[in-house]
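The values are calculated or read from the model by the stated rules, or taken from the named source; none is laboratory data. Predicted model only: the values in this text are computed from it and were never measured. Cβ placement follows ideal geometry from the backbone for every residue including glycine, while neighbour counts extend to all protein chains displayed. Each accessible area value is taken on the protein alone, full model and side chains, heavy atoms only, with ligands, DNA and RNA left out. Shrake-Rupley method; radii C 1.70, N 1.55, O 1.52, S 1.80 Å.
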Amino acid sequence: PAAPAEPPAPEPKLEKPKEEPPSCPLSLAVEEVSENSFTLTWKAPEQTGRAGLDGYVVEICKDGSSDWKAVNQDLFLSTRCTIPNLSSGDKIHVRVMAVSASGTSGPATLEQPVLIREILQLPKIRMPRHLRETYIRRVGDAVNIMIPFQGKPQPEVSWTKGGQPLDTNRISIRNTARDTIFYIRQAQRGDSGKYELTVHINGAEDKAALDIQVVEPPGPPQNLKLVDVWGFNVALEWTPPADNGNAEIKGYRVQKSDKKSGKWFTVLERCTRTSCTISDLIIGNTYSFRVFSENICGLSDSAAVASGVACIEKTKTTYQPEKIPQRDMMEPPKFTQPLTDRTTTRGYSTHLFCSVRGFPQPKIIWLKNQMEIREDPKYIALIDQGVCSLEIRKPGPFDGGVYTCKAVNPLGEASVDCRLDVK
């Protein structure tokens with residue numbers, strides 16, 4: 001009998017290819033070091049796999065030891081990490097690994113251990129540009145100034161005014177690690193002055209001065225007087241105000257008011273003197289005058305009013321015509337601008353120019369090679385306001401030569417000449 005048939009061999013099972021873990025992180029570097037911590041940064045690995053990264057593990061180890069400890073219990077999702085609670089003077093090795101569902105990458109390490117030490121930075125005040133000049137505020141305004149500075153470790157900040165501590169009832173100071181804030185809720189004129197800011201670290205310091213000027217409108221001028229009245233003019237004088245508002249007086253505003261309308265009109269603005277003359281007043285009117293003082297805040301709240309009034313009365317005048325002596329205007333011809341030699345091209349029109357003066361107006365005669373140019377369509381002679389011109393239309397080689405301009409009047413004659421070359 002035939003041998004029994006062998007059962008068919010089972011088909012082999014295909015195994016799924018195993019995914020490779022991600023590659024190690026890139027560009028591991030130390031961003032900042034302080035006396036008890038340091039900060040790391042890195043970049044994502046080139047190969048993360050199809051599943052993507054779950055995060056990063058950061059491990060540290062002291063120099064001379066092989067005991068690696070993880071800094072984080074949960075995976076880091078960021079590529080920046082600060083490692084705190086370290087001892088100053090330690091040397092720390094560090095490594096970073098990328099983690100995904102397919103495994104953990106190889107470590108990215110630093111070539112040298114990180115030395116935990118305090119980095120000193122000299123104190124430096126960064127005074128804003130607008131505070132390097134006098135800082136001006138009005139009475140009642142708030143003063144809120146922030147001045148940045150730098151330095152490590154955190155510097156000590158102190159404010160003084162005239163070498164004395166500040167009045168904390170009026171001035172509030174708030175300091176942070178990088179700036180100081182100077183605040184006054186409602187400024188008064190007594191807050192004006194120079195303030196000194198000092199930032200110091202272990203014997204090293206930097207100083208800056210803050211000049212604050214608190215101003216208000218000035219008082220009115222004093223001793224306004226009506227000095228003189230003549231014709232249509234009035235002269236006024238006064239003295240500066242007793243209180244300038246803690247700011248320089250920029251000028252005075254002078255106003256007038258006539259008795260008929262009772263309205264005030266400005267005559268002068270920003271008058272820098274303490275006297276002025278007002279003109280062009282109207283005959284028959286009676287005028288009053290007042291003066292305001294002005295500084296950077298504006299006009300004074302009140303004005304100084306002149307005690308007297310000016311009455312512009314009509315005066316009798318007799319017109320006497322001025323005798324003007326007769327002047328002899330006769331003058332022989334004289335050329336004020338001569339002719340100049342010219343070179344022109346055949347077929348291109350050209351002009352000759354000169355200027356002459358004289359009275360009576362001289363007659364102009366043009367000559368070519370001592371021959372008078374008469375009515376020839378080739379030449380156009382003009383004179384306008386003493387400027388004489390001769391146009392030579394499309395000259396040819398035979399038009400070259402010496403041209404003369406002669407001016408003649410009853411008192412004499414004058415002439416100028418030039419050479420014209422035609423190429």
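The table that follows gives values for the structure above.
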| quantity | calculated |
| --- | --- |
| Hz values of 3J(HN,Hα) by residue in segment 223-228 - Karplus curve (6.51, -1.76, 1.60), Gly and Pro given as x | 6, 6, 10, 8, 7, 7 |
| Accessible surface, per residue, of the chain when the full set of protein chains is kept, probe 1.4 Å, Å² | 66 |
| Antiparallel bridges, percent of DSSP beta bridges restricted to the chain (to nearest 5) | 95 |
| Identified option (computed log10 I(q)/I(0) by the Debye sum over Cα atoms at q = 0.07, 0.14 Å⁻¹; candidates (i) -0.80, -1.18; (ii) -0.39, -1.40; (iii) -0.33, -1.38) | (i) |
| Aspartates and glutamates whose Cα lies under 19 Å from that of residue 256, excluding same-chain neighbours fewer than 8 positions away | 228, 237, 269, 280, 294, 301, 313 |
| Accessible-area composition of the chain, carbon plus sulfur, in percent [1.4 Å probe] | 48 |
| Extended-chain gain in nm, criterion 0.36 nm per residue less alpha-carbon gap, residue 54 and residue 336 | 91.7 nm |
| Heavy-atom SASA rank of 76, 232 (probe 1.4 Å, accessible area, largest first) | 232, 76 |
| With all protein chains modelled, accessible area of residue 42 [1.4 Å, Å²] | 10 |
| With at most 15 other Cβ atoms within 10 Å, longest stretch of the chain clear of loop GluC sites (Glu not before Pro) (DSSP) | 134-247 |
| Accessible-area order (highest first, 1.4 angstrom probe) of the listed residues 293, 88, 34, 307 | 307, 88, 34, 293 |
| Spatially near lysine pairs across segment 122-215, Cα under 17 Å, sequence gap of 8 or more or different chains | 6 |
| Paramagnetic reach from residue 37 (point 7 Å along Cα→Cβ, amide N under 18 Å) across segment 189-206 | none |
| Loop-located trypsin sites (Lys or Arg not before Pro) in segment 265-327 whose Cβ has at most 15 other Cβ within 10 Å (DSSP) | 273, 314, 316, 323, 327 |
| Rel. contact order, % - alpha carbon contacts under 8 angstrom, at least six apart, the chain | 9 |
| Qualifying lysines (Cα of each under 30 Å from Cα of residue 260; at least 8 residues distant if same chain) | 225, 314, 316 |
| Candidates 120, 299, 390, ranked by Gaussian network fluctuation over the chain, Cα under 10 Å, top entry | 390 |
